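Chemist: Can you read through this structure? Questions will come right after.
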Amino acid sequence: MNIQEIRSWLAETDPDRLEELWDRADRVRRETMGDRVFLRGILEISNKCSRDCHYCGLRAGNSRLARYTMTEEDILDGAILARQLGLGTVVLQAGEHPGLDARWIAGIVRRIKDEAGLVVTLSLGERNIDELELWKRAGADRYLLKFETSNPALFKHIHPGSQTTGHTRIELLKQLHLLDYEVGSGFMIGIPGQTYDDAANDLLLLKRLDVHMIGNGPFIANPDTPLGNTPRGQVPNTELMTYKIMALTRILCPGSNIPSTTALGTVNTQCGLELGLQRGGNVLMPNLTPAKYKKLYAIYPTPLRDITDAAQLVAAVKERILCIGRTIGTGPGVSRSFMQQRQHHNEVPHD
Ligand code: SAH
């Protein structure tokens, strides 16, 4: 699919044509990934952040937010709970903060591997290569770092004070590949200033970077941030646009793991997650962060009626998967694209 075709899908409004897009994405998903939906437990381990991203409620400049870092024992308990609930993976996510000591994280990764035996995904922002290497050696399997937008000028605009133009994130994604991480990335849909060309380029960049997990969620305005009241750009941050992007992502990157994101579940609390799974998605990420911390991980406003008990939450998520005729994946749920990359590397003779 070339950039013109992608652009024309992004602008498509005809319901019959869109049905074709959903069918095509769903067929590709079924043929490459099967019917299983994998569950990843998320633990939001700290909301401290030294960056000032214009879209994110965790930004350093948001003085209205009380800050926390979960204790090591809380994190371990969360991982063990994930294991008990039958999840194969735990994702540790946080703001980007040097105070989140690299050796402390490495120790936690080691303990999760030893005591819970889970696949560990880290999503701790832009950290240096030595730290990423340390965490890999400690046993981390996956790293999630969204490039947010492929447009360097827009990246710079929404990441003030960043010495970079967004290329650091893209460079880091390449480094993560070299370190043998299973690599996750993605972008925000409808961030103010994003054009259709930008969104099409975002999709093509995901393909070029050959990322293994792709989380593209709708931008949700947070009134406590500079982008809280900005008029939207050309790309609407709507539910429909999110489905289009999920479907196109599946068609362009057939072997990747694609979650129906929490942000999608927020814009349509009734059936957003299900529709995402029927339009390219194959992963859900129940949030296992203890309630006392969860409300402080305020990237964007979320409805308060979330189920707080983790066991009930996971049971409800499983029910939603079974209701649309899909099955529950068990174990790590490695992406097809990562397995193919591994096979390819193993076939290349070492000199
Ligand atoms: N500090 C880490 C983790 C960030 S939070 C990092 O920078 O990688 C995870 C994701 O939340 C971000 O990558 C971004 O894509 C998303 N996000 C932040 N603010 C958002 C908003 N207002 N609406 C939608 N998604 C948002």
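Chemist: 7 Å from Cα along Cα→Cβ at both residue 343 and residue 114: what's the point-to-point distance in nm?
Modeler: My value for the distance between the label points is 3.6 nm.
Chemist: Kindly work out what percent of the DSSP beta bridges joining two residues of the chain are antiparallel, to the nearest 5.
Modeler: 5 percent
Chemist: A further question on this structure: So who's got an amide H within less than 5 Å of the one on residue 150, skipping anything under 5 residues away but keeping other chains? H placed 1.01 Å off N, in plane.
Modeler: 202
Chemist: What whole-number value in Å² describes the accessible area per residue of the range 52-107 for a 1.4 Å probe?
Modeler: 42 Å²
Chemist: So, one more: Assign unit charges at the C-beta atoms only (+1 for Lys and Arg, -1 for Asp and Glu), then state the dipole size of the range 220-351 relative to its Cα centre in Debye, rounded to the nearest 20.
Modeler: 200 debye
Chemist: Starting from the Cα of residue 295, draw a straight line to each of the lysines and keep only those under 17 Å, dropping any in the same chain fewer than 8 residues away.
Modeler: Qualifying lysines at Cα under 17 Å: 48.
Chemist: Residues with beta-carbon under 13 Å from that of residue 13, excluding residue 13: net charge, scoring Lys, Arg +1 and Asp, Glu -1?
Modeler: -2
Chemist: Sticking with this structure for a sec: Could you calculate the FRET efficiency of residue 308 with residue 5 from 1/(1 + (r/R0)^6), where r is the beta carbon distance between them and R0 is 41 Å, rounded to 0.05?
Modeler: About 0.40, to the nearest 0.05.
Chemist: What spacing in nm lies between the two simple spin-label points modelled at residue 195 and residue 128, each 7 Å away from Cα in the Cβ direction?
Modeler: Result: 3.8 nm between the two label points.
Chemist: Might you tell me the accessible area per residue for the range 262-330, computed with a 1.4 Å probe and given in Å²?
Modeler: 48 Å²
Chemist: Continuing with the same structure: So, with a 1.4 angstrom probe, what is the percent of accessible area on the chain that is carbon and sulfur?
Modeler: For the chain, the apolar C and S fraction of the accessible surface comes to 51 percent.
Chemist: Next up: Once the other residues with Cβ under 14 Å from the Cβ of residue 116 are scored (Lys, Arg +1; Asp, Glu -1), what is the net sum?
Modeler: Spelling it out: positives minus negatives among the neighbours equals -2.
Chemist: Shifting gears a bit: Sequence neighbours fewer than 8 away in the same chain don't count; with that in mind, list the lysines whose C-alpha is under 25 Å from residue 207.
Modeler: Partners within reach: 136, 146, 156, 174, 244.
Chemist: Then there's this: Which part of the range 191-230 falls in the paramagnetic zone of residue 17, meaning amide N under 17 Å from the point 7 Å along Cα-to-beta-carbon?
Modeler: 196-197, 200
Chemist: Something else now. Using the charge dipole of the chain (Lys, Arg: +1 at Cβ; Asp, Glu: -1 at Cβ; taken about the Cα centre), state which of 236, 206, 8 has its Cα farthest towards the positive end.
Modeler: 236
Chemist: How big is the charge dipole of the range 75-226 about its Cα centre, in debye rounded to the nearest 20, if each Lys and Arg gets +1 on its Cβ and each Asp and Glu gets -1 on its Cβ?
Modeler: 240 debye
Chemist: I need the calculated FRET efficiency for the pair residue 267 and residue 204, taking r as the beta carbon distance and R₀ as 25 Å, to the nearest 0.05.
Modeler: Given R0 = 25 Å and the Cβ-Cβ separation, E is 0.50.
Chemist: Right, next: R0 = 35 Å: FRET efficiency of residue 68 with residue 175, Cβ-based, nearest 0.05?
Modeler: The value I calculate is 0.75.
Chemist: Charges only on Cβ, +1 for Lys and Arg, -1 for Asp and Glu: so what's the dipole of the chain about the Cα centre, in debye to the nearest 20?
Modeler: 340 debye
Chemist: Given the C-alpha centroids of the range 188-266 and the range 115-181, what is the distance between them in whole angstrom?
Modeler: A separation of 18 Å, based on Cα centres.
Chemist: Next question, about the same structure. Bin width 20 Å, origin at 0, all Cα-Cα pairs of the chain: what percent of pairs per bin?
Modeler: Result returned by the calculation: 31, 63, 6.
The values are calculated or read from the model by the stated rules, or taken from the named source; none is laboratory data. Given the structure is predicted, the values throughout are model-derived calculations rather than measurements. Reconstructed Cβ throughout: ideal geometry from the backbone, glycine too, with neighbour counts over all protein chains shown. The area values use the complete protein model at the heavy-atom level, side chains included, leaving out ligands, DNA and RNA. Shrake-Rupley method; radii C 1.70, N 1.55, O 1.52, S 1.80 Å.
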